[in-house]
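**Student:** Have a look at the structure that comes next, please.
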C-alpha cells in the first residue's frame, strides 16, 4: 500500500529537482537539450523554434511552482488509484 501524501511529496521533490536541473542545462548547454529533444520527437524539426531566451526569474519560479503542483496532484492521484486497484 502506498501512502498518497508521502508518495506525492517524494514525486514533487524529484520533479522539481529535474525541473531545476533542466533549467541549469539550458543555460550551460542549450544545443545538447535541443539534440535530446530532437531524438525524442523524431518527426519534428526543433531547429525552427530554437531560441535561447535570457533567464527570467519570474517565469522560472512560475514554471517550478506549477510543475511541482502538477507533480504533487499526479503523485497523490496515482497512489490513491493504485491503492484502490490493489485491493
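**Student:** Quick check: the angle from helix 57-86's long axis to the longest principal axis of the chain, C-alpha only, nearest 10 degrees?
**Tutor:** The helix 57-86 is inclined about 30 degrees to the chain.
**Student:** Sticking with this structure for a sec: Under 10 Å, Cα contacts only: if you run a Gaussian network model on the chain, which one of 44, 32, 55 comes out with the highest mean-square fluctuation?
**Tutor:** 44
**Student:** If each DSSP helix of 4+ residues adds -39,500 (n - 2.57) and the sum is divided by the residues in the chain, what number results at 222 nm, nearest 500 deg cm²/dmol? Mind dumping the intermediate values first?
**Tutor:** Working: 3 runs with 66 residues, N = 87.
It comes out at -26500 deg cm²/dmol, rounded to the nearest 500.
**Student:** Find the eigenvalues of the gyration tensor of the Cα atoms of segment 19-59, then list the square roots of 5 times those eigenvalues as equivalent ellipsoid semi-axes, largest first, in whole angstrom.
**Tutor:** Values: eigenvalues 80, 26, 15 Å².
Gyration-tensor ellipsoid for segment 19-59: 20, 12, 9 Å.
**Student:** For residue 34 and residue 60, compute 0.36 nm times the residue count separating them, minus their Cα-Cα distance, and round to one decimal in nm. All intermediate terms of the calculation are to be shown ahead of the outcome.
**Tutor:** Details: separation 26, 0.36 × 26 = 9.36 nm, distance 1.87 nm.
The residue 34-residue 60 span can extend by a further 7.5 nm.
**Student:** So how do 40, 76 line up by other beta-carbon neighbours within 10 Å, fewest first?
**Tutor:** Values: 40 8, 76 20.
Exposure proxy ranking, most exposed first: 40, 76.
**Student:** For the chain, which semi-axes, largest first and in whole Å, follow from the square roots of 5 times the eigenvalues of its Cα gyration tensor? It would help to have the intermediate numbers written out before the result.
**Tutor:** On the way: eigenvalues 201, 57, 19 Å².
Sorted largest first and rounded, they come to 32, 17, 10 Å.
**Student:** So, R0 is 22 Å and r is the distance between the beta-carbons of residue 44 and residue 18; what FRET efficiency does that work out to, to 0.05? Write out the running numbers ahead of the final one.
**Tutor:** Numbers: r = 22 Å, r/R0 = 0.98.
After rounding to 0.05, the efficiency reads 0.55.
Coordinate-derived values only; no laboratory data. Small disclaimer: the values here were computed from a predicted structure and weren't measured. Note that each Cβ is placed from the backbone with ideal geometry, even for glycine, and that neighbours are counted across all protein chains shown.
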